[in-house]
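The values are calculated or read from the model by the stated rules, or taken from the named source; none is laboratory data. Predicted model only: the values in this text are computed from it and were never measured. Here the Cβ positions follow ideal geometry from the backbone for every residue, glycine too, while neighbour counts run over all protein chains shown. What goes into the accessible areas is simple: the full protein's heavy atoms, side chains included, and nothing from ligands, DNA or RNA. Shrake-Rupley method; radii C 1.70, N 1.55, O 1.52, S 1.80 Å.
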Amino acid sequence: MTVAVSPIDPSVKSLAADRSARIRALGRLLRHASTGDADVLLAGLARMLDAHIGHDHGDDASNGRIRDQLDEIELLLALEIERAGVRVGPLLSSAA
């Protein structure tokens, strides 16, 4: 039996590349965050993992705590981006 390989839609490749570039750019931002900011971000990630570990994916209370923590982390990252003087365009274009 032969498995047919279907071509990958170029728009899907583009979306994946954009997402990959954003992830790399955010990783660089986290690596260069000041120690105090990095400590706050790591503590937020730890609280998010604590809310997730040992709970079912359908646990509304746990999911709510995770979403709240993600909102706080997103705000801290936005502040770090602003402080670094980096906007979304340059952030993504330098990610590659």
Subset tally (residues that are surrounded by fewer than 11 Cβ atoms within 10 Å (Cβ to Cβ) and farther than 22 Å from Ala78 by Cα) for the range 10-54: 7
Residue in the range 55-85 that is modelled with the lowest pLDDT, counting only those that are surrounded by 12 or more Cβ atoms within 10 Å (Cβ to Cβ) and not in a helix (DSSP H, G or I): His55
Pairs with Cβ under 7 Å, 6+ apart, first in the range 18-34 and in a helix (DSSP H, G or I), second open to solvent by 80 Å² or more (accessible area, probe 1.4 Å): Ala21/Ala96
